[in-house]
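In what follows, a structure is listed as structure tokens, so that the remarks can point back to it.
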Amino acid sequence: MGQPAKPREYHPRIPDWEGLAASIPSGTVLTQGKQIVWANDRMAELAGVATVELLHGLFLADQFSDTGGGLPDPESPRAIECALVRPDGETRIVSCRPVDVRFPKGISGNGLTGSCVWSIEDVSHARRLESELLRMSKELHGANRELVGLRERVRRESNEREELLTVVSHELRTPVTIINGYNRLILSEQVGPITEEQRRFLTESSKACHRLDAFIGNLLEAGRSGSDGEVLEIEHGALAPVIDGVVEGLFPLLEEAGLRLEVEVAADADRARFDRLRLDQILNNLVANSIKFSPVGGTIRIETRRLPRDSNCGRRESVEIAVYDQGPGVALPDRDRIFEPYTQVGEQSRAGGMGLGLAICKRLVEAHGGSIAVRARRDRGSAFVFTLPLGDEPSESSREGGA
């Protein structure tokens, strides 16, 4: 039986530690005592010197400035954060961390015993980001406090406005209603006969009451526009009775202005989905506007037509209602502006009022899911056009009931 094979001796290859350290992306420094004896190129770049040799022999602590955490000390190494002072005056925030260097068993440190290796990492960008984040956080916190204050102010002002509008509604509308009621009573001659001149005076007084009542209504609607949304009582109904009611109510104004009003309701465009009170308000505003700007002897026309569904623009079947007048028209650049509150353009600016009627119409039409616009007529005048969702046809039972 032969002798057992002698184990092979293994002599590990000592790595080129300087080459390894030079390839580290962070600055690397070797100190003996308190002096720098070696540094990699990245450290020279961080320190702002041309070559690493310019760092050799310098005291490590002299290269840094204390930012509150102390300075790197080879005699009691610990991780700290401080400022690296460069010759050009620039200061960078760096993290200095001692590195525990261990050599394989049985291998000498080749004269490195008692030395200390430091990893120097530039954290200036991270600290700037943290500082900016802190600043923005403080600003956001301040903005949030300001927003809370503004919300409370808006809520308080909204409550005050609602209270004011309630007072306006009572203090103005009540006497207007009383005056108009007495006018109608006297005009009916139930309390005695009146002369033609007296009748004319009372008729003009009733017209003024109507205009004032409409003005108060617009003022109240404008005040309500700051609410969270319009609450509608939607029904599927016929348009013709609503239009006829508006025409009848405005007949005195039509007579006074010497105007004719024509109505054409298409058979397939007579039913829509709408809030009756709001639709009445929209039509009253549009027709009253047309009366105001149409010349004596002119004609105002109300038409309806059915619009087909258009999947390309997402439009469902709807009814278009147009109010045509023979007024001065609206210039192209002003056709969007006239629907803004308190905006009057062209002839409107000389006709009085507050510029609220069309803004209210736009809000109410959009609350129905429709749209409103003004177009130029081929000859003279304007066409104020708005849409409403198409309504369902009445059932047999509702037809029998007269719906």
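The values are calculated or read from the model by the stated rules, or taken from the named source; none is laboratory data. Note that the structure is a prediction, hence the values are computed from the model and not measured. Counting neighbours? That spans all protein chains shown, and the Cβs are built from the backbone with ideal geometry, glycine included. Remember, those area values only see protein heavy atoms, side chains included, never the ligands or the DNA or RNA. Shrake-Rupley method; radii C 1.70, N 1.55, O 1.52, S 1.80 Å.
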Can you name the residue in segment 279-334 that is open to solvent by less than 60 Å² (accessible area, probe 1.4 Å) and of a type in the set (D, E, K, R) and, of all such residues, is modelled with the lowest pLDDT?
ASP310
Note on segment 158-192: residues of a type outside the set (Ser, Thr, Tyr) and not in a helix (DSSP H, G or I) are GLU189, GLN190, VAL191, GLY192
Which of the residues belonging to segment 245-259 are part of a helix (DSSP H, G or I) and touching a residue at least 12 places away in the same chain (Cβ under 8 Å)?
GLY245, VAL246, VAL247, GLY249, LEU250, PRO252, LEU253, LEU254, GLU256, ALA257
Expected single match for at pLDDT 80 or above and at negative phi among ARG161, ARG173, ARG156 is ARG156
With respect to ALA83, determine if the residue is free of Cβ contacts under 8 Å to residues at least 24 places away in the same chain, open to solvent by less than 40 Å² (accessible area, probe 1.4 Å) and more than 18 Å from ARG127 (Cβ to Cβ).
no
Filter segment 345-375 down to residues that are at pLDDT below 60, among the hydrophobic types (A, V, I, L, M, F, W, C) and not in a loop (DSSP other than H, G, I, E, B), then give me how many there are.
0
Qualifying residues in segment 34-58 (those that are of a type in the set (A, V, I, L, M, F, W, C) and touching a residue at least 24 places away in the same chain (Cβ under 8 Å)) - the one surrounded by the fewest Cβ atoms within 10 Å (Cβ to Cβ)
VAL37
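Within segment 205-222, can one find any residue that is at pLDDT below 75, more than 33 Å from the chain's Cα centre (by Cα) and either open to solvent by 20 Å² or more (accessible area, probe 1.4 Å) or closer than 30 Å to ALA267 by Cα (or both)? Spell out the reasoning first.
As a first pass, look at segment 205-222 and keep what is at pLDDT below 75: 211, 214-215, 217-222.
Keeping just the survivors that are more than 33 Å from the chain's Cα centre (by Cα) gives 211.
Among the residues that remain, those that are also either open to solvent by 20 Å² or more (accessible area, probe 1.4 Å) or closer than 30 Å to ALA267 by Cα (or both) are: 211.
Looking through segment 205-222, at least one residue is at pLDDT below 75, more than 33 Å from the chain's Cα centre (by Cα) and either open to solvent by 20 Å² or more (accessible area, probe 1.4 Å) or closer than 30 Å to ALA267 by Cα (or both).
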Of the conditions (1) surrounded by fewer than 16 Cβ atoms within 10 Å (Cβ to Cβ); (2) under 51 Å from the mean Cα position of the chain (by Cα), the single one that ILE93 does not satisfy is (1)
